[in-house]
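Only one structure is covered here, and it is reproduced in the block below.
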Amino acid sequence: MTYLEELGKRLFFENISEPKRQSCSSCHYPPAGGTNQHSGVNLKQVAVTGADPNGDNNDTPPGVKNAGGLKPPTNKYVQHMDENGDVVGLKNFQINGCNSVLNTPRGPITLFFTCGGAFWNGRASGHEIEDSKANAFSFSENAKVSEFKRMYEKYLGPVADQAFASPFINHVEQGIGEGKPETRLEDIKLVCEQVAKSAWGNELYEYAWDEPLDCSDKNKLDTVFARFAIALSAWQLSSENNPYDSKRDKALLATESRTFPLNGLTELENEGHELFYGKAGCAAICHRSNQDVDTDGTLLHQRYTDDAFHNIGVPRNYELPGSPEPDEGLYGVTEDERDIGLHKTPTLRNVDLRPGNGFTKAYTHNGWFKNLETLVHFYNSADVNGATAKGFGITRCPEGVQTQAEALANNCWPASEFPDTSVIGVAIGNLGLTSDEEAAIVAYLKTLSDTSIVQSPKPYKSAPYDESRMEH
Ligand code: HEC
C-alpha cells in the first residue's frame, strides 16, 4: 500500500468522532459489503444514528435522535483504479450526461439521463474541492506542486468530494464540532487534532504529503482537510477495496469462452444471468456500467450501475427516525420537478454480502426493502394493474399498511413515495417472471459478493520513510 492509501485506510477505520465511537467503517462495514453494520438498525430505523445521538442539531425535530434519513449506500465499487492507473467508474455529476440505447420493437432509441456525482442525489459533484478555497496542492516550491499534482490529482472527484463534505463534521454522522457552515474551520481543526493524536496520523501524513501535519495554522486547515479527503479517495479506489473476486468474477475468468453459461456457476445462477440481461431487463438501462461495450455482462469490471438517477417507485419508509417526508433525491440538486424522487442506481456488487446468515440488510435509498426476494418480486409485480400482479393476486395496499412485513402479509404493494416520476408500469413492475425465475435472479445476485473482505488495519508501528511506498 502507498503511504497515501494507508493514510486513507486508517482515516476510514479510526473512530474519528465526538464522542469517539464512530468511523466511516461503522456505516460502511466491509463484512456487510460496505453498508451499515447493525442488522437491527437495518430492520427498523435504517438511517444510522450519529456518534452523538442527543447533540444539538437544528435539522432534526425536537425529541428525535441525530440521524439522517437515508440508508448508507456502499462505498465500494464507486470508482476504482484500472491496470493502467486510470480512475474508472462514477464520473462527475452531469445533467443529461449519460445515454443508454434501448432496443424497442420499433427500433433502438437513445435515452439521456443525468448521472454521476457521489451520494444518492449526486451532490458531491466531482469538482467541489477544486471549486472551494482549499488547495490540496499548496506547497511553497513550484516543483513540489507539479510533482504532487502528477501523483495525486487523479484522486480528486466525487469520492474525494464526499469525504470533503464531510461525515467527520456532520451532526448526523461522526459529529465533530458545531457542524455549522460558519464553524467549518474550527470543526476541521478538531478533526485534525484527533488525527494528530492517533498513533499513525503525524507520520503517515508527513510521509504521504512531505509536510508535517499542522493543525494550528488556520490558513492551512482547508488544505489539510482536502488532503485527508484525497487519501480517503485513494484508499477507497484501491484494489483492496474493489477486489473483483466474486464467484461470478472467478467463474468468468475460469471459462475460456468468457461467455455465459459459466462453468463455475450453478444452473440456477446461470439462468438468473440470462434473465437479468434478458426478460427481466435489469441491465437494459440501470444495472449496467460500460453501456457501450458490455451488453451481455461478460466484462470483468462490470459495476452493475449506470450511475444515473431513476425513481423505481419505492414505498415510503415510515420507520426512518422522526418519520421525515420522503427524500426528494435528484430534485435537491437540480430543482427540476421531473427529478423529484430520483435516486442514483446502486451497484449490485456485494448486494447479498453480510456478516452472518441471520443478518438483515436494507435495500434502496430509504431501506424499505429487507431482502432481495421481496425486492425482485416488487420489480416483477409492482404495477398492480399489470397481468403479473393480478396473476400473483397482488393489489394496492390499503392505508395503514406500511412496512415490508405488513405488505407481504397482505399481498399488496403500498403506493410509491413519488408516483408522478416513478417508472413503475412503464419500464418495470410487470416483468412476467414466474416465482422460479425470480429465485434465479436472486441466485445470480448472490454470486456478486466479494470473496476477500477488507480487514481493519493492525496497530500502527512507526517505521523509517520508504521511498518505494510513494505513488509513482
Ligand atoms: C453515520 C453513518 C455514516 C458514516 C459515519 C459515514 N457514512 Fe458514508 N454515507 C452514509 C450515508 C447515509 C450516505 C448517503 C448520504 C446521501 O446520499 O445523502 C453515505 C454516502 C457515502 C458515499 C457515496 C457513495 C455513492 O455511491 O454515492 C461514500 C463514498 C461514503 N459515504 C464514504 C464515507 C466515508 C469515507 C466516511 C468517513 C469519512 C463515511 N462515508 C462515513 C452514511 C455514513
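A short reminder: the numbers here are calculations on the coordinates, not readings from a lab. Since we're looking at a predicted model, the values are computed, not measured. Neighbour counts are summed over all protein chains in view; Cβ atoms, including those assigned to glycine, are modelled from backbone coordinates with ideal geometry.
Brief remarks on what is shown
- Residue within the range 381-403 that is closer than 21 Å to Ala284 by Cβ, touching a residue at least 24 places away in the same chain (Cβ under 8 Å) and of a type outside the set (Gly, Ala, Ser) present: yes
- Matching residues, the range 32-82, being acidic (Asp, Glu) and either within 13 Å of the ligand (Cβ to nearest atom) or touching a helix residue (DSSP H, G or I) at 6+ places or on another chain (Cβ under 6 Å) (or both): Asp52, Asp59
- Qualifying residue in the range 289-309 (condition: surrounded by 19 or more Cβ atoms within 10 Å (Cβ to Cβ), away from the ligand (no atom under 16 Å from the Cβ) and of a type in the set (A, V, I, L, M, F, W, C)): no
- Test: residue in the range 140-150 that is closer than 26 Å to Glu14 by Cβ and either touching a helix residue (DSSP H, G or I) at 6+ places or on another chain (Cβ under 6 Å) or loosely packed, with under 15 Cβ neighbours inside 10 Å (or both): no
- So Lys154, is it crowded, with 17+ Cβ neighbours inside 10 Å and in contact with a Leu (Cβ under 9 Å, 6 or more places away or on another chain): yes
- Residue within the range 263-274 that is part of a loop (DSSP other than H, G, I, E, B), in contact (Cβ under 8 Å) with a residue 40 or more places away in the chain and charged (D, E, K, R) present: no
- Within the range 151-178, the set of residues being more than 23 Å from the chain's Cα centre (by Cα) and either within 16 Å of the ligand (Cβ to nearest atom) or of a type in the set (Phe, Trp, Tyr) (or both) comprises just one member, Gly177.
- Every residue from the range 135-150 that is under 28 Å from the mean Cα position of the chain (by Cα) and part of a loop (DSSP other than H, G, I, E, B): Asn135, Ala136, Phe137
- Every test in (1) within 9 Å of the ligand (Cβ to nearest atom); (2) under 30 Å from Ala405 (Cβ atoms); (3) assigned to a loop (DSSP other than H, G, I, E, B) is passed by Ser26 save one, and that test is (3).
Yes/no per residue for (1) closer than 30 Å to Trp235 by Cβ; (2) assigned to a strand (DSSP E or B):
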residue: Ala51; (1), (2): yes, no
residue: Val64; (1), (2): no, no
residue: Leu70; (1), (2): yes, no
residue: Pro73; (1), (2): yes, no
residue: Lys76; (1), (2): yes, no
residue: Asn84; (1), (2): yes, no
residue: Val88; (1), (2): yes, yes
residue: Lys91; (1), (2): yes, no
residue: Asn96; (1), (2): no, yes
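- Count of residues meeting criterion [of a type outside the set (Lys, Arg), surrounded by fewer than 20 Cβ atoms within 10 Å (Cβ to Cβ) and on the phi < 0 side of the Ramachandran plot] in the range 310-323: 2
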